[in-house]
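A.B. asks: Sharing a structure here in structure tokens format.
Values quoted throughout were computed directly from the atomic coordinates according to the rules given, and no laboratory measurement underlies them. Computed from a predicted structure; not experimentally measured. Positions of Cβ are backbone-derived with ideal geometry, glycine not excepted, and every protein chain shown enters the neighbour counts.
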Amino acid sequence: MSDTLQPLHTPIKRRSFFQYAGATAGATALALAGCSKDSDPAAIVPVSSISLGTGDVGMLNYAYALEQLEAAFYAQVVKTPAADFLSGELAYFTQIATHEAIHRDFLKTAISGAGGSLLPTLTPIFTSINFSSRASVLNAAKTFEDLGVAAYNGAGVLLKSQTYLTIAGQIVSVEARHAALIRDLLSPGSFADDNQVDATGLDKQMTPTDVIAAAQPFITEKLDASSVGK
Amino acid sequence: MKLISLLDHLAATPASTSAAPRRAVLAQLGRAAAAALPLALSALPATAATQDSTQDAVLQLLQLERLQAALYTQALAATGLIPAAQTADFQRLLAHQTQHITFLTQTLQGAGSVVPATPTFDFSGRRNVTANPELFPAVFTNYDNFLALAQQIEDFGVRLYKNHVFNVLSDYRLNGAVLRMQSVEAQHSAHVRGLRRSRGATVSNWPSEKDTAIARPAAAQALTTAATGGEANVAQPVSTTATLPTASIFLVRDNTAIQDPALAEAFDEPITSAVAQAALNLFF
């Protein structure tokens, strides 16, 4: 299903990536490109991180990064379904994969619409996930969905534009629905349990930097969320 | 407006040390400093207003949460209604709604606002008048009927929180809490929908055009509208001036836009406070 969803845009061009990443990253990459192994070791700069940006565009890129990760994960789940999936589970994953692909492509368009610099297509790292194991897939899905809900919940108060707050609100409840389904598949009745909802009835929230730190092991590119929403 | 402006002004004016807490909560509720208004006025359903005061928003959310808590309290007390395996599920839903009631009540009290009495909820749809027609039959004797009503009220709740996020923007703490209560409601809805599916209903964990509609009499249409009306929308805003006609952009194959239920499923839709109040009014 999800492979019927074509990306809206051609892969990002190098020049626009440099525009996005800003002078620092661009200059660093150029400097690295110009280095040979014989260069002075002192000239080697550590791999620079990609800043997600500032303000609302930063928030959109932040959400776009998470949706890219989720969409890529579920696309892989659907492409190589675990042999021990129970009846009907592949259909659930197929639907979720489609939702996440729509979120990803929607955010991509919204960032362009905002005149913002677009985060490049990320390269996921899923080596810690065993896609042939139902349990491994469900646990990874739970991690991604819980993280997504906490991310949107923490992001809402940082958004300045009501338009983007509308979008975030419309997406987060769908993510929460995914989270409840995945949790109930893992263990019936584990939806919205005490790990996710606190003693005052409020769902978990996380700051952009905490979310990106949690997501970073699954992403090749080093992301910097320190200025998101600021 | 002048009263509110005055109160906002007062909230921003330095006062004696002893008045500081009062000033803080006034600032917290912002425009809802209308606490000074008579309760009868502030309790009026928001009708034509496109933007409610913070207090209007908190009061309506409190009414919603009280409705949900009453539904689960009565259901858990109804002998033989909820299967033993699901008792803990509904105890959790009730716990969350009770926590939300506490939070919203304390928010109102913190602003010096009068907290209205809890109405006597009537889940038959008769509005506490025996002669009125029954809109929701056998809610506490038939588990499927109960689940169907719970699903609609939870969906309705998700959509109302989505609206009121915009009415509490002046208060950072309340803004965050409203978002976080919303996603709890969404998990409730998804779970109830899953329970219905396990009992043979054609229903997804999210509003979908593939769901079999819950049959209701015309007089109960306000609830259906509040729960799922407009969920088929596929045009979402991408900027302050433009919406993205997702159907024509996302699934273009062979130059043909392809309709897919996922386009609408991927976004939950908000409802206005007027739509919400019409649904709430069915129950008391």
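A.B. asks: Would you check which residues across the stretch B:210-231 are touching a Pro at 6+ places or on another chain (Cβ under 8 Å) and surrounded by fewer than 16 Cβ atoms within 10 Å (Cβ to Cβ) and list them?
C.D. replies: Residues satisfying the conditions are B:Lys210, B:Pro217, B:Ala219.
A.B. asks: Here's something else I'd like to know. Taking A:Lys230 and the conditions (1) assigned to a helix (DSSP H, G or I); (2) in contact with a Gly (Cβ under 9 Å, 6 or more places away or on another chain), which numbered condition does it fall short on, given that it satisfies the others?
C.D. replies: (1)
A.B. asks: Also, I was wondering about something else. Could you list, in sequence order, the residues of the stretch A:197-219 that are surrounded by 21 or more Cβ atoms within 10 Å (Cβ to Cβ) and within 8 Å of chain B (Cβ to nearest Cβ)?
C.D. replies: Of everything in the stretch A:197-219, those that are surrounded by 21 or more Cβ atoms within 10 Å (Cβ to Cβ) and within 8 Å of chain B (Cβ to nearest Cβ) turn out to be A:Val197, A:Gly201, A:Leu202, A:Asp203, A:Gln205.
A.B. asks: Moving to a separate point now. When you scan the stretch B:149-191, how many residues do you find that are under 19 Å from B:Thr54 (Cα atoms), facing chain A (nearest Cβ under 7 Å) and of a type in the set (S, T, N, Q)?
C.D. replies: 2
A.B. asks: Condition first: facing chain B (nearest Cβ under 7 Å), surrounded by fewer than 24 Cβ atoms within 10 Å (Cβ to Cβ) and not hydrophobic (A, V, I, L, M, F, W, C). Now tell me which residues in the stretch A:163-191 satisfy that.
C.D. replies: Passing the criteria: A:Thr163, A:Thr166, A:Gln170, A:Asp184, A:Gly189.
A.B. asks: Name every residue in the stretch B:205-228 that is assigned to a loop (DSSP other than H, G, I, E, B) and touching an Asp or Glu at 6+ places or on another chain (Cβ under 6 Å), in order of residue number.
C.D. replies: From the stretch B:205-228, those assigned to a loop (DSSP other than H, G, I, E, B) are B:205-217; that's our starting set.
The answer is B:Trp206, B:Pro207, B:Ser208.
A.B. asks: Next question. Looking at the stretch A:150-162, which of the residues that are farther than 13 Å from B:Ser183 by Cβ and touching a residue at least 24 places away in the same chain (Cβ under 8 Å) is nearest to the other protein chains (Cβ to nearest Cβ)?
C.D. replies: Taking the stretch A:150-162 first, the residues farther than 13 Å from B:Ser183 by Cβ are A:157-162.
Narrowing the set further to residues that are touching a residue at least 24 places away in the same chain (Cβ under 8 Å) leaves A:158-161.
Details: A:Leu158: 10, A:Leu159: 10, A:Lys160: 10, A:Ser161: 7 Å.
Looking at the filtered set, the residue picked out is A:Ser161.
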